[in-house]
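I have placed the structure first, in the form of structure tokens, so that the comments after it can refer back to it.
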């Protein structure tokens, strides 16, 4: 009996599912426990703070008047489909690429879910130094960042190996 495998790197979709579940679970915990902008200091440089982002990264387009919700949701859907196709077409040996794409996909779906359900993305991780605060983010954003780093690493390693 032969082992059935998903095409390309689709086997990494388990990681996508883990990111989406963890992202939505943590957001539900925060939404149930915090009022908007309520803060809980965890470390001198780290707070939990409920915030809503109607825009993209770093609140880009947040003041768009509402059209950005559907634009960003549509963009996330298109990118998600493109990533699934890329995963399916990736060589079985491209594990770093598969992991990176799966993380980006999980983050995109997690934030897409928020846009469709709430009209904004739920953020709650607040990293700061004294009075300076990095824009609040969430598990989905973290997965996108780590996934992008893995994709860059894959490109660098591929260039060193001489891959096209």
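The values are calculated or read from the model by the stated rules, or taken from the named source; none is laboratory data. A quick note: this is a predicted structure, and the numbers were derived from the prediction, not measured. Please note: Cβ atoms are built from the backbone with ideal geometry, for glycine as well, and neighbour counts cover all protein chains shown.
When residue 53 is tested against (1) out of contact with any strand residue (DSSP E or B) (no Cβ under 6 Å at 6 or more places or on another chain); (2) under 26 Å from residue 102 (Cβ atoms); (3) surrounded by 14 or more Cβ atoms within 10 Å (Cβ to Cβ); (4) modelled with pLDDT of 65 or more, exactly one condition is not met: (1).
The residue that is farthest from residue 116 (Cα to Cα), counting only those in region 56-91 that are at pLDDT below 90 and exposed (fewer than 12 other Cβ atoms within 10 Å of the Cβ), is 58.
Within region 129-164, the only residue that satisfies the criterion of being touching a residue at least 40 places away in the same chain (Cβ under 8 Å), farther than 23 Å from residue 29 by Cα and not in a helix (DSSP H, G or I) is 129. Against the numbered list (1) touching a strand residue (DSSP E or B) at 6+ places or on another chain (Cβ under 9 Å); (2) modelled with pLDDT under 95; (3) within 28 Å of residue 155 (Cβ to Cβ), residue 120 comes up short only at (3). Among residues that are closer than 24 Å to residue 36 by Cα, part of a helix (DSSP H, G or I), in contact with a strand residue (DSSP E or B) (Cβ under 6 Å, 6 or more places away or on another chain) and at pLDDT 95 or above, residue 114 is included.
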